[in-house]
Amino acid sequence: MSQEELLVLIYKKDERAFTHLYDMYSKSLFSVIHVLIKNREESEDVLQEVFVKIWKNIDSYNESKGRFYTWILNIARNTSIDKLRSKNFNNSKKNLSSDNFVNLLDDSNKLLNKIDTIGIQEFVKKLKPKCIEIIDLLFFKGYTQQEASEELALPLGTIKTQNRNCINDLRNYLKI
């Protein structure tokens, strides 16, 4: 099933479309979510929430503003960031046992390999060093633009402009 056929079925709220949507995008969306959340169970919960949001909010998708994959990727990223900022999530992380840290480095390496397999990392590596740093903070680590501004000791307006320019550079690489 093509993406165009899938979108038609989603707009019609055809139940078969939900299964196809999940099969087509769950692995890549989970990878993005797990980079931010860093907990498998929480990431799975967020993934489920993301698919419900996609299904319920399909009418807000505007094809003239961007690709469908970009739209759902932003939903996944924003939902993950909302989860990270939620009071319940932060409270649940206050008393972590040492078991949560045993495989942290190993999990991090596996995750970087997953990101690399979907090709994002290779395209990001082609960008200027400042772009790599900004995209890493904003998209892979879930920083807000204000937090990235503080981290990099750059004015907020500079971060916003550089982020926009870096995303445009990345789009150009993806067109090739």
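FYI, it's all coordinate maths here, none of it is from the lab. Just so you know, these numbers come straight off a predicted model, no measurement behind them. Here the Cβ positions follow ideal geometry from the backbone for every residue, glycine too, while neighbour counts run over all protein chains shown.
Full-extension gain between Lys160 and Leu9, please, as 0.36 nm times their residue separation minus the C-alpha to C-alpha distance.
50.7 nm
Of the peptides 44-54, 64-74, 28-38, how do they stack up when ordered by the mean number of other Cβ atoms within 10 Å, highest first?
For the peptides 44-54, 64-74, 28-38, the packing ranking is 28-38, 44-54, 64-74.
On full extension of the chain, what length is gained from Thr19 through Asn172, given 0.36 nm per residue of separation minus the C-alpha to C-alpha distance?
Separation in residues times 0.36 nm, less the Cα-Cα distance, equals 51.9 nm.
Subtract the Cα-Cα distance of Lys53 and Thr144 from 0.36 nm times their separation in residues, and report this length gain in nm to one decimal.
Length difference between fully extended and current span is 30.6 nm.
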